[in-house]
Structure formats: C-alpha cells, structure tokens
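Visitor: One structure, pasted below without further comment.
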Amino acid sequence: MGRRSDCCASPVKGHGSIVVASGGPTCRSTLHSSYSEPPFSIRQCGERILVAASAAAPVGGDALTLDIAVLTGAHANIGTVASTIVLPGPTGAPSRMSTRCTVGVDAHLEWVGEPTVSVIGSDHTITTTVDLDQSATCRVVEEVSLGRSDELSGRLRLVLRIERGGRPLVHHDETFGPNVAGSGSVVSVGDARHVVSEVLVGVDAGQSRVTMFEGCRVGWLPVADDVVMMLGVGPNRPAVRAAVASIRP
Amino acid sequence: MMLIDGRFPAGGHTNSAGVEAAVRIGDIRDDATLERYLRGRLATTGRVDAAFCAHVAALANPTDAVLGVIDSEYSARMLSPQLRDASRRFGRQLLRAGSTVWSGPIVDAVARSQSDAHQPVVLGAFVAAAGGTPDNAAALSFHHLAAAVTSAAIRLLGLDPMTVAAVQARVGCEVDQWMVDAELWATSPVAELPACGGSLTEILAEDHGRWDARLFVA
C-alpha cells in the first residue's frame, strides 16, 4: 500500500450554477443558462431542472457550491436525480455543500432534493440560503437519512436560512450524529433515522398543528401568516413522507 | 445577583424548557437521561439564547430599528409558535419585574418595542442596565436554562436534588467551550449569531403548548 498522500485523490471543489428565466405565460421555467463542473451535471427534464451527480461526491474534504438564480416572473422547479451519499474521506476532513438561491420579482423557487444519506464516519455540512424578493415565493424541501440500514450516521449539519426582502423568515441550524450533544434525546430527533424539513413561503399558513403518525412526529409550524416550516422525523423515509402528507392542508 | 435568583418574580418557575414534554414521552427518566437532555439544550437553544443575550448586553442605547432586526432574527430561529409566544411572555414578565429594580436607555428602548420582547433580549438589556458585560449576560442565560431544566425535572420526576445539582455542575462546566464566544456574539452582525436548534424541540414544544393540563408554560 502506498502512503496516504500518494494514494488519495484530491478533494473535489466543484461548482455549479443554474439561471432560470421565464419563457412567457406558457413556459415559466426555462433553463436560461447553467454551468457545471463535476460532480454536478445539470439538465432540463420537461418541467423540471435536475442536478445529477457525475462523480461520487461529497467525500470528506470536498467543497461543493451551487448557485441558483430565478429571474423575474420565472417558476423554477429544481431537484436532484438521486440520493446523495455522504462518504468519509481518507483524511477525515469534513465536506460541505453550499446552495445559494436568489429568487426575483414575482418568481417562485421549488427546490426539492432527494435525501442526503449520512454514512458513518462522514462529517458533512449542508448550507442552503434563499434570498427572496418581497414578492417571491418558494418551497424548499430537505431530507436526510441518518445512516445506511443498520448503521450509525456520520455527523451531518444542516443550515437553512431564508430571507424575504432582506428580513429573515427562517434560520435553522441542526446537527445530527451519534457524538453530537443531546444525541438520542428529544432535543434533537430522538431515535429517528429520517428527517424532513419543508419551508413554504406564499401559502395560507393557518393554525399550527402536530401529529403522531406511524411512529413519526410532524409539526406544521407557521412562522408568519404566509410562511410555514414543516418538520417531520421518523424511522424511515416512507413513514415520514406519509406523516408529512397527512398534515398538509 | 437578583437576576439569577430563582425567587426573582420573573415567571421562570413556569418554564420547564421542554422537560415536561420530554418526561411525558419517557425521554427523560432519570439522572442520566436528564444529563443527556440538558447537554443537548445548552448546545442548541442555550447557545442561541446566550448569544442574543450577550449581543443585547453590548448595546448602550439601541434604536427601535436595531431592536426590530434583533427581534426578527431571534423569531426566525424559533419555529414553534408556542415557543415564540412563551418567549415573549417570559420577556414581558421579566421586563415588568426587572423594571422595578433597573432602569436605563436600553431598558426604555426594549419596553417601547412594538411587540413584547423575547426573554433573552430583555435579560440582556437588564444585564447592560446593571453594568454587566456580554460575558456576564451569556453566563446568566446559560444558567437560566440549566436551572429551568433541572428544577423542572426535580418537580416532575422527584429526582434527588443533590444528584441533579451534580448533573448541572458537570454539564455546566462544558458551557465554558461556548462562553469564549461571548465577546464575538457581542460584536457579530445579528444575522451571524448561532441558530442551533432541534427538530423535536420545536415539534414537541408546539404539542406541549396545546395540552389541556400542564404544569409549565413551555
């Protein structure tokens, strides 16, 4: 075996960008331009714009950034093709993925990623910022699976900040993992293995509600008259998705 | 000293910091599970509260606009409407009680806020009015949370107060790792203050606020 420094590939410092423009009243989601380095591969697929992984990433040490701009009047429906498996790297270095979104006048961003799976030994931070124009709306869905089947998770930190017109609507920073303070308690997610968060801006938030459903706990938490944070935790993805569906209006 | 006295009539005895809900579902059962819970709360909501408290304590005479931004930033970190309401309620009670003892421009500014100020904001204002430092404010804030968690656990589970005091002392020592940030929190843009939280902290707090019969507000 070679020495570590001889055998390891360099960390990936990948960047991607997506600009979505309105193509008129019949087509409000046109991929105006995009730029992608591995591991990002960006394609328009019908009404959706999808990000596919063209390389195994993130691995420990990787630093990935994705910029999304939704221009005036556009409705962008953006997601990922498959789950993201977060792997530890050979050096133990942490990895990070930063997504920065700007949503313009009368525009809408639908960002629905497939789950991020935290693999034991990994240390990953996902930062998502959304800067909405005062007239813009969005739906941002993030899902994480805490470990593969019958394995512990790695350390996974999720940071989400959404602003509208320069004022913060939601700022939530949560870290998961077996060695995190309070891990296993209800300060965090108890013994849950799958977590969903969804922010809706531009809806009728109505009253808050909480439900228990098939071992899952889900909260519909209005943070403003037209802004809701939905949080759901449970044993697995199908159960949490069903619980989340049950609490929607 | 009065600010950290549990007998100071600021309504702190009605705050379990989520312990009542955690006990109900069996998450806190004994000293060990209490210690786990306390460690998690101090690392999450505890850091947020301490940071905002320290930040406010460094303000001499804030404008309404500055306090408005602080209010928005803190509210954005508290997702449960029940928790937000409770925080403003505790802030109002602390403001009423504290105003009989301390006064100053920062207390006046907080008192004329359009909406009731959150508890860490009011606490920070009183620390400033009493001549304290951001460091003092952060320490006070952590202490308030630790005291709320441990005293609620004693009342709800009948745990041995001596053992619980040892838990509080042990976990409290770990707070030192964050206390070094107090000066940074005092000078950071408010948007960059910690936003640490937990999903079930918010979900269970929202559920707890709707119980028909409960001993604690939050």
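Visitor: For region B:146-200, which positions are outside any helix (DSSP H, G or I), more than 30 Å from residue A:131 (Cβ to Cβ) and among the aliphatic types (A, V, I, L, M)?
Guide: Selection gives B:159, B:175, B:180.
Visitor: Examine region A:213-220 for a residue that is of a type in the set (Val, Ile, Thr) and touching a Gly at 6+ places or on another chain (Cβ under 8 Å), and state whether such a residue exists.
Guide: yes
Visitor: Determine, yes or no, whether residue B:193 is under 30 Å from residue A:222 (Cα atoms), within 14 Å of chain A (Cβ to nearest Cβ) and in contact with a Lys or Arg (Cβ under 7 Å, 6 or more places away or on another chain).
Guide: No.
Visitor: Residues being open to solvent by 10 Å² or more (accessible area, probe 1.4 Å), hydrophobic (A, V, I, L, M, F, W, C) and more than 22 Å from residue A:147 (Cα to Cα): count how many of those fall in region A:224-246.
Guide: Total satisfying the criteria: 2.
Visitor: For region A:84-123, which residues satisfy the criterion of being of a type in the set (S, T, N, Q), modelled with pLDDT of 95 or more and in a loop (DSSP other than H, G, I, E, B)?
Guide: Of everything in region A:84-123, just one residue is of a type in the set (S, T, N, Q), modelled with pLDDT of 95 or more and in a loop (DSSP other than H, G, I, E, B), namely A:122.
Visitor: Among the numbered conditions (1) open to solvent by less than 50 Å² (accessible area, probe 1.4 Å); (2) in contact with a Leu (Cβ under 9 Å, 6 or more places away or on another chain); (3) in a loop (DSSP other than H, G, I, E, B), tell me where residue A:152 comes up short.
Guide: Every condition holds for residue A:152 apart from (1).
Visitor: Considering every residue within region A:167-176, establish whether at least one is over 19 Å from residue A:114 (Cα atoms) and either assigned to a loop (DSSP other than H, G, I, E, B) or more than 8 Å from chain B (Cβ to nearest Cβ) (or both).
Guide: Taking every residue of region A:167-176 in turn, none turns out to be over 19 Å from residue A:114 (Cα atoms) and either assigned to a loop (DSSP other than H, G, I, E, B) or more than 8 Å from chain B (Cβ to nearest Cβ) (or both).
Visitor: If you don't mind, another one. Sort out which residues of region B:15-33 are in a loop (DSSP other than H, G, I, E, B) and in contact (Cβ under 8 Å) with a residue 60 or more places away in the chain, and write them in order of number.
Guide: B:15, B:16, B:17, B:18, B:25, B:28, B:29, B:30
Visitor: Scan (1) open to solvent by 40 Å² or more (accessible area, probe 1.4 Å); (2) more than 19 Å from the chain's Cα centre (by Cα) for the single condition residue B:164 breaks and write down its number.
Guide: (1)
Visitor: Then there is this: Counting just the residues of region B:68-89 that are of a type in the set (Asp, Glu) and touching a helix residue (DSSP H, G or I) at 6+ places or on another chain (Cβ under 9 Å), which one comes out farthest from the other protein chains (Cβ to nearest Cβ)? Break it down into steps so the answer makes sense when it comes.
Guide: The initial filter retains those residues of region B:68-89 that are of a type in the set (Asp, Glu), namely B:71, B:73, B:85.
Pick out the ones that are also touching a helix residue (DSSP H, G or I) at 6+ places or on another chain (Cβ under 9 Å) and you get B:71, B:73.
Numbers: B:71: 10, B:73: 6 Å.
If we take residues in region B:68-89 being of a type in the set (Asp, Glu) and touching a helix residue (DSSP H, G or I) at 6+ places or on another chain (Cβ under 9 Å), then B:71 is farthest from the other protein chains (Cβ to nearest Cβ).
Visitor: I'd like to know if region A:129-136 contains one or more residues that are within 13 Å of chain B (Cβ to nearest Cβ), farther than 18 Å from residue B:77 by Cβ and over 17 Å from the mean Cα position of the chain (by Cα).
Guide: no
Visitor: Here is a follow-up. Could you please find all residues in region A:37-62 being of a type in the set (Ser, Thr, Tyr) and open to solvent by 50 Å² or more (accessible area, probe 1.4 Å)? Give the derivation first.
Guide: We begin by selecting, within region A:37-62, every residue of a type in the set (Ser, Thr, Tyr); these are A:41, A:54.
A:54, the sole residue that qualifies.
Visitor: Quick one: would you say residue B:110 is open to solvent by less than 10 Å² (accessible area, probe 1.4 Å), in contact (Cβ under 8 Å) with a residue 12 or more places away in the chain and under 20 Å from residue B:9 (Cβ atoms)? Spell out the reasoning first.
Guide: Working: open to solvent by less than 10 Å² (accessible area, probe 1.4 Å): yes; in contact (Cβ under 8 Å) with a residue 12 or more places away in the chain: yes; under 20 Å from residue B:9 (Cβ atoms): yes.
Here the answer is yes, as residue B:110 does meet what is asked.
Visitor: Then there's this: So, residue B:54, is that one surrounded by 18 or more Cβ atoms within 10 Å (Cβ to Cβ) and either under 16 Å from the mean Cα position of the chain (by Cα) or of a type in the set (A, V, I, L, M) (or both) or not? Even if it seems obvious, please write down each step before you answer.
Guide: Details: surrounded by 18 or more Cβ atoms within 10 Å (Cβ to Cβ): yes; either under 16 Å from the mean Cα position of the chain (by Cα) or of a type in the set (A, V, I, L, M) (or both): yes.
Yes.
Visitor: Give me a count of the residues in region A:184-223 that are open to solvent by 30 Å² or more (accessible area, probe 1.4 Å), assigned to a strand (DSSP E or B), more than 7 Å from chain B (Cβ to nearest Cβ) and of a type outside the set (Phe, Trp, Tyr).
Guide: Residues that pass the stated criteria total 3.
Visitor: Being on the phi > 0 side of the Ramachandran plot and either of a type outside the set (Gly, Ala, Ser) or open to solvent by 30 Å² or more (accessible area, probe 1.4 Å) (or both) is the filter here, so list the residues in region A:158-183 that pass it.
Guide: A:165, A:166 - these are the residues of region A:158-183 that are on the phi > 0 side of the Ramachandran plot and either of a type outside the set (Gly, Ala, Ser) or open to solvent by 30 Å² or more (accessible area, probe 1.4 Å) (or both).
The values are calculated or read from the model by the stated rules, or taken from the named source; none is laboratory data. Remember, it's a predicted structure, so these values are computed and weren't measured experimentally. For neighbour counting, all protein chains shown are included, and Cβ atoms are generated from backbone atoms with ideal geometry for every residue, glycine included. Keep in mind that these areas ignore ligands, DNA and RNA; they rest on the heavy atoms of the full protein, side chains included. Shrake-Rupley method; radii C 1.70, N 1.55, O 1.52, S 1.80 Å.
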